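What follows is a single structure, written as C-alpha cells, with notes after it.
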Amino acid sequence: MGRGLGFKLGVLLAVFGILAAGLTGYYSYATSRVMLAKSAEHDLLTSTQVLARRFSLALDEVASNARLLAALPDVAPIGKALLDPGTKPHRAALAQTFSAMLAVHPEYFQIRLISASNHGIELVRVDRDSDKLTRVKGDDLQEKGHFPYVFNTLRLARGEVYLSKIAINHEQGAHSGLGKPTLRVATPVFLDDGKLLGLVVINLDLNGLFDLLKTDLPADYSLYLTNETGDFLIHPDPSQAFGFDRGRRVLLQDTFKQAAAILDGKTNTVVERDGAGGDQSLIAAFYKLGFGQAEAGRFVIAGLSTPLEKVLADTRQLGANTAKIVAAFSLLAVLLAFLASRLLTRPLGMMVQAARRFSREHAMGELPVRRADEIGQLARSFNDMQVEIQAHLAELQESRSQLAHLARHDALTGLPNRLLFFDRLEHAVATARRSGKQLAVFFIDLDRFKEINDTLGHAAGDEVLMIIAHRLRSLVREVDTVARLGGDEFIILFDSLGDVHPLTMLAEKIIHGLSQPVEIKGRQLQVSASVGASLFPQDADDANGLVHKADVAMYLAKTRGENTAHFYAEGEERAG
Amino acid sequence: MPFRRIALHLLVIFAGLIAPVSSATAGETLRVLTWPGYADPDLVQVFEKRYKVRVEITLVSTDDALWQKLNANNGADFDVFAANTAELQRYIDQGISVPLILGNIPNAQHQQPRFRKLYDIPGITRAGQVYAIPYTYAEMGLIYNRKLVKAPPTSMTAMWDPRYQGQVLAYDGSTHNFTLAARLSGSKQPFQLQEADYKRAVEKLIDLRHNVLTFYSQPEEAVALFRDHPVALVFANYGSQQVKQLQTAGADIGYVIPEEGALAWLDCWAVTKRARNKRLAELWINYTLEQPVSQALTERQGLANTLQTASAAQASGKIVWLEPVENAQRRAALWSRIMSGDRLGKF
C-alpha cells in the first residue's frame, strides 16, 4: 500500500508508543536519580553521624580510662612519697598499668601521671615508641606545668575530664607521638584526704583513632575533621590538615561553602553536593559534635565525602537500564503498531480491491461484511451501494439499448428504419464488392394505401402496415433485411445471392403473399403491392444507386399495372 | 576641585604606566610569606586585580617557622617575604635573599627619613647592595594587668618575679627569648652568645618557664589566655599591635618599655633568589608602601608604619634594635627542649 493510511497509522501508533515508553522511562529515571542522590546524601549523613557518635563514645571511653587510672590505689603511695621525700616512690606498678592500658589501646600514644607541684614534673610516663612501649624515667621526665592541658586540668574537680585542643605534638622526646596530631585527655588526681596530687593524661592518636572508627565505612568515603574554627585536622589530602601548624590555614568553609552554616551556629548538619568542584566533585556531609566540657561551647565537625562520580555511576547504570527497557517497549510498540495497522488496513484493502474490481469488471469482490464493527458497517454500506449501482447500471443499459433500437427501427412495425437499412446495405455492398457476390434490393410500395387510410382511418392503416411488415418478415430468410422507409414503402436487402433466377420467384412469392386479404375490424381487405428490384453489381455499385434503381423499377411496375414486380433494366428512368 | 582633577590625571597616567606590567604578569602567582596582619585579604585582592595575578599568602607567627619555611627548599617556595633585620642576615648568608632594584620600588621615597637612609640601618645592606625595604617595626615591651599589678613594672625581670608565678605570659620563640635572658643574666653581647652565656640563658629561661602560666605564639592566643586566666604580665612580642588587641578585647592594661631597654624589631620585605618573577615581587613591596596599605597596618593592627612618624609612646624609652644572632638553629633546638619541659640537669 506504499505510504498509505496503514503506513501513516502504523508510524503514528509507533511514535505514540515510543513516546509513551520514552517519557515514562525518562521520568522514572529522573525521579530515581533524584532519589538515588538523596539516598546517597542520606547514607552519607547517617554514616557521618554514626562516625561522630563513635568518636564521642571513644572519647568517653578514654575519659573513663583516665578516671580509672586516676583512681587506682597505686597512685596513693606515689602521692605520699612526693609529700615525704624520705619514702622511695613506688612507681613501677603504675607504669605497668599504663603499659597494659597502652597495649590494649593502640590509639593511645602516651599515658602520664603529672604532678601538680614541682612545675608539673612527670611522675610516671609510658610512651609508645613505634611497636614497643617505653617507660620514661629519671632525668628524662619533663616539667609540663606550663602546658594548658596541665594547668587547665588542675583547675577541675574530681572526676572532671579535660580535652585539649587537637594539635600537633611538638613536645621533644614524645617518641611515636612527636609531630603527630594529638588529643590530650586529662583528669585531676586527688589523694584520699582530698589533696590534689596531679593529673593523669592520655595522649590520643587522632589519626589512629579515626582509622579504627572508620574501618567498616565504604572505601570510597573520605574522612574530614575540623576544629571549631574550621581548620582541617583530618583531610583526605594530609597536606591540607593542620595547615595552621604550618602557617597556612586550610579552612572547611573555603572548600565547602555551605559548611559555613555550621560554624556560624545556624545548623548542626550540612550536606553539600559538588563540594570541591571540577573533576573532584563530591557529595559531603558534615556533622557538628559537641566536644569536651560544655562550658565554652567547644565542638569539632566530622565529615565524610564520596565522589559524585560514584553516585552518578549508579544513576548511569539506572539510566542504561531504563534505556534498555524503553528500547524494548519501543520495539514492542512498533510491532503492535504494525499489527494494528494491518488489522485496520486489511479489510480496507479488501474493500479497495473490491471497488477496483467493481469499476473494472462491474463485479463484486469479497467484502468483510460479517464484521460487527465500523469496518463491517462500511463494507455493508459499500456492498449495498454496489448492488444499487449495478441495478442502476442495468436499467441504464436497458434504456440505452431501447433508445438505440428506436433510433434504428420503425416505431410502428418494429422493422429496421432507413438509417439501419442503409447501414446494412452499405456494409453488404462493401462485403459483396470484396467477395464478388451479388446483392438485390426490392423496393415495395403498397397499392392504393391512401384509400385505406381515408376510408378506414389511420388506425386501420397502421394495422395494415403492421400486418404487411409481419408478412414480409416471414416471406424472406432470416439473413435478409426487411425495412420500412416510411409511409407504405418497404425495402428488402437480399444478401449473398447465389443466382438471379430465384429472385424472380422470390418477387412472385412476395407479390402473392401480400395480395392475401387482410382482416381489419371484421372486414376483409384486399391489398396489393408493387415491387421494384435492382441488383448489385449490375444495376448500381453503391447503396444509394441500388435503392434509387429499385425505386425506379418499382415506379415502372406501378405504372404498368400494380400488383406486379419489375427488375430494373439499364437505361430506365422514372418518368415525370 | 583642581586637586581632584590632578589626582584623576595622575591616576590615568599611573594606569597607563602599569598597563604593560599587568599584561606581563597576568596569570602568575605571587607567593608571599609574611606575618598576620601584614597582608589582609582585602588589600591583597586590590593587588591581584590591579596586576591580574594570584597572590598566595602564607602566614608565620615565629621567626623559627619563617626560617624553616624559607630554608626548606632554599627559598624556592616563596617569592617575597617579611623578616626583621636581624633575621634577614641568615637569609642573605644562605643566598635566599637577593638585592633589590630600588627603581622598581618608587614608593620608598615617601618613607620617613630614618627609613630612607637604608645604609644607616644595620642589616639591610651588604656590600653596597640593598636587600630589604623596611615595612613596619615594633619594640617588645611589657604589658601589665592594672588589676593585678599595682605599680607599673620597670624591668623585664618582673616576669621572673615569684609574686606573679603562674600569671605571666611569655612568648614561644627561641631567638628573642635567648637574647632577653642573656641580657638579664648579664651577658655583654646578647646577640653573640658564648658557651657561658648559653648556660646562663638556659638556666634563666627554665626559671622563666617555672614562673609563667604558659608560652603563647599568636597574639590572639594571648588575648584568650588573658581572658580565661588571671594574667599579670604579658611579654609583648608583637608590640603595640598586641596592646591594641588586648585593649579591644576589654583588658585593663598598661604598656611599658623597661628601663634596661626593649628589644625592637624592624620588619622588612625581601625577595628570594628563586622568585619566579622578581619584578612582580618588587611591585608587591612597592604596593605595600602605598598610603592605604601601610595605613592599614597602624589602623587595624596598631603597628607602626614607615610612612608616618612614630607616636610619642613608641618614641619614649630605650630601644635595642635586634641584631643577627650567633646561631639561630642552636637557640631554636635548645628552646624546643626548654619548651618541652626538659629540666636543667639535662642541658
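The values are calculated or read from the model by the stated rules, or taken from the named source; none is laboratory data. All figures in this text were calculated on a predicted structure; none of them were measured in a lab. With ideal geometry, Cβ positions are generated from the backbone for all residues, glycine too; neighbour counts draw on all protein chains shown. Just the protein is used for accessible areas: all its heavy atoms, side chains included, with ligands, DNA and RNA removed. Shrake-Rupley method; radii C 1.70, N 1.55, O 1.52, S 1.80 Å.
Using +1 at the C-beta of Lys and Arg and -1 at the C-beta of Asp and Glu, which of A:Y568, A:T31, A:S341 has the Cα lying farthest in the positive direction of the dipole of chain A?
It is A:T31.
Give me the base-10 log of I(q)/I(0) for chain A at each q in 0.10, 0.11 Å⁻¹, Debye formula, one uniform scatterer per Cα, rounded to two decimals.
With no solvent term, the Cα-only Debye profile gives -0.93, -1.02.
Quick check: pseudo-label points 7 Å beyond the Cα along Cα→Cβ at A:V369 and A:E395, how many nm apart are they?
With each label placed 7 Å out from Cα toward Cβ, I get 2.0 nm.
Grab the beta carbon distance between A:R158 and A:K38, set R0 = 51 Å, and tell me the FRET efficiency rounded to 0.05.
Working: r = 48 Å, r/R0 = 0.95.
The calculated FRET efficiency here is 0.55.
Expressed as a rounded percentage, what relative contact order does chain A have, with Cα pairs under 8 Å and six or more residues apart?
Details: 935 pairs, mean separation 61.7, N = 576.
Relative contact order comes out at 11 percent.
Hey, what number do you get for chain B at 222 nm if only DSSP H runs of n ≥ 4 count, each worth -39500 (n - 2.57), divided across all residues, to the nearest 500?
Details: 13 runs with 144 residues, N = 347.
Estimated from H runs of four or more residues: -12500 deg cm²/dmol.
Please find the FRET efficiency linking A:R346 to A:N321, where r is the Cβ-Cβ separation and R0 is fixed at 56 Å, and quote it to the nearest 0.05.
On the way: r = 38 Å, r/R0 = 0.67.
The value I calculate is 0.90.
For segment A:1-159, what is the accessible area per residue in Å², given a 1.4 Å probe and the full set of protein chains? Please list the in-between numbers first.
On the way: 8100 Å² over 159 residues.
Spelled out: the 1.4 Å probe surface of segment A:1-159, per residue, equals 51 Å².
What is the average number of partner chain Cβ atoms found within 10 Å of a Cβ in A:119-132? Don't skip to the answer; put the middle values down first.
Values: counts 6, 3, 2, 1, 0, 0, 0, 0, 0, 0, 0, 0, 0, 0.
Averaged over the peptide's residues, the number is 1.
Return the long-range amide H neighbours of B:T58 (sequence gap of 5 or more, or a different chain), with a cut-off of under 5 Å between placed amide H atoms.
B:V32, B:L33, B:T34
Go from 0 up to the bin containing the longest alpha carbon distance in segment A:409-504, width 10 Å each, and give me the % of pairs per bin.
P(r) over segment A:409-504, rounded to whole percents: 15, 44, 28, 11, 2.
Suppose every K and R has +1 on its Cβ and every D and E has -1 on its Cβ; what is the size of the dipole of segment A:1-120 about the Cα centre, in Debye to the nearest 20? The partial results should precede the final answer.
Working: 11 positive and 7 negative charges, 91 e Å.
For this selection, approximately 440 debye.
Compute the acute angle (0 to 90°) between the alpha-carbon long axis of helix B:291-301 and the principal axis of greatest extent of the alpha-carbon atoms of chain B; round to the nearest 10°.
Approximately 20 degrees, to the nearest 10.
What is segment A:498-576's relative contact order, in percent, from Cα pairs under 8 angstrom and six or more apart in sequence?
It comes to 28 percent, rounded to a whole number.
Name the residues of segment B:328-347 whose accessible area, probed at 1.4 Å, falls by at least 20 Å² once all protein chains are in place instead of their chain on its own?
B:S336, B:M339, B:S340, B:G341, B:D342, B:R343, B:K346
Taking a probe of 1.4 Å and counting only protein heavy atoms, give the total accessible area buried between chains A and B in Å², rounded to the nearest 100.
Working: alone 30440 and 15550 Å², together 44230 Å².
In total, chains A and B hide about 1800 Å² from solvent.
As a test of the formula, what do you get for chain A when each DSSP H run with n ≥ 4 contributes -39,500 (n - 2.57) and the sum is divided by the residue count, at 222 nm and rounded to the nearest 500 deg cm²/dmol? Spell out each step's value before the answer.
On the way: 14 runs with 274 residues, N = 576.
After summing the helix terms and dividing by the residues of chain A, the value is -16500 deg cm²/dmol.
Along the positive direction of the dipole of segment A:475-564 (beta-carbon charges: Lys, Arg +1; Asp, Glu -1; about the Cα centre), which of A:S530, A:I520, A:F494 reaches farthest?
Sorting the options by dipole projection puts first A:I520.
For labels at A:A407 and A:N118 in the simple 7 Å Cα→Cβ model, what's the distance in nm?
In this crude spin-label approximation the distance works out to 15.1 nm.
Counting only other chains, what is the mean number of Cβ atoms within 10 angstrom of the Cβ of each residue in peptide A:136-143? Walk me through the numbers on the way to the answer.
Details: counts 0, 0, 1, 5, 3, 4, 7, 9.
Counting Cβ atoms of other protein chains within 10 Å of each residue's Cβ and averaging gives 4.
Give me the percent relative contact order of segment B:61-207, please, defined on Cα pairs under 8 angstrom at least 6 residues apart. It would help to have the intermediate numbers written out before the result.
Details: 90 pairs, mean separation 24.6, N = 147.
Rounded, it is 17 percent for segment B:61-207.
Say R0 is 35 Å: what FRET efficiency, to the nearest 0.05, do B:V320 and B:K273 get from their beta-carbon distance?
On the way: r = 30 Å, r/R0 = 0.86.
That gives a FRET efficiency of 0.70.
Carbon-plus-sulfur fraction of the accessible area of the protein assembly as shown, 1.4 Å probe, in percent? Each step should come with its number before you reach the end.
Working: 24670 of 44230 Å².
Ligands and nucleic acids excluded, carbon and sulfur give 56 percent.
Over the whole of A:244-251, what's the average partner chain Cβ count within 10 Å per residue? Rounded to a whole number, please. Intermediate values should be presented prior to the final figure.
Working: counts 3, 1, 6, 14, 7, 3, 0, 0.
Taking all residues of A:244-251 together, the mean is 4.
Send over a whole-number figure in Å² for the accessible area per residue of segment A:355-476, probe 1.4 Å.
Working: 7570 Å² over 122 residues.
Ligands and nucleic acids excluded, the result is 62 Å² per residue.
Please enumerate, by chain and number, the lysines with C-alpha under 26 Å from the C-alpha of A:K137, excluding those fewer than 8 residues away in the same chain.
Partners within reach: A:K80, A:K88, A:K180, A:K195, B:K199, B:K204, B:K346.
For segment A:478-557, state which trypsin sites (Lys or Arg not before Pro) are in a DSSP loop and have at most 13 other beta carbons lying within 10 Å of their beta carbon. Present the calculation step by step, with values, prior to reporting the outcome.
Numbers: sites: A:R484, A:K509, A:K521, A:R523, A:K549; in loops: A:K521.
Answer by residue number: A:K521.
Which of the aspartates and glutamates could be linked to A:K38 by a straight reach, that is with a Cα gap under 17 Å, when you skip same-chain ones fewer than 8 residues away?
Partners within reach: A:E272, A:D274, A:E309, A:D314.
On C-alpha positions alone, give me the angle between the axis of helix B:41-51 and the longest principal axis of chain B, in degrees, nearest 10.
30
Once both axes come from the Cα atoms, what is the angle between helix A:458-475 and the longest principal axis of chain A, in degrees from 0 to 90, rounded to 10?
The answer is roughly 90 degrees.
Within segment B:261-304, list the residues whose amide N lies under 18 Å from a label point set 7 Å along Cα→Cβ of B:Q112.
B:262-269, B:289-304
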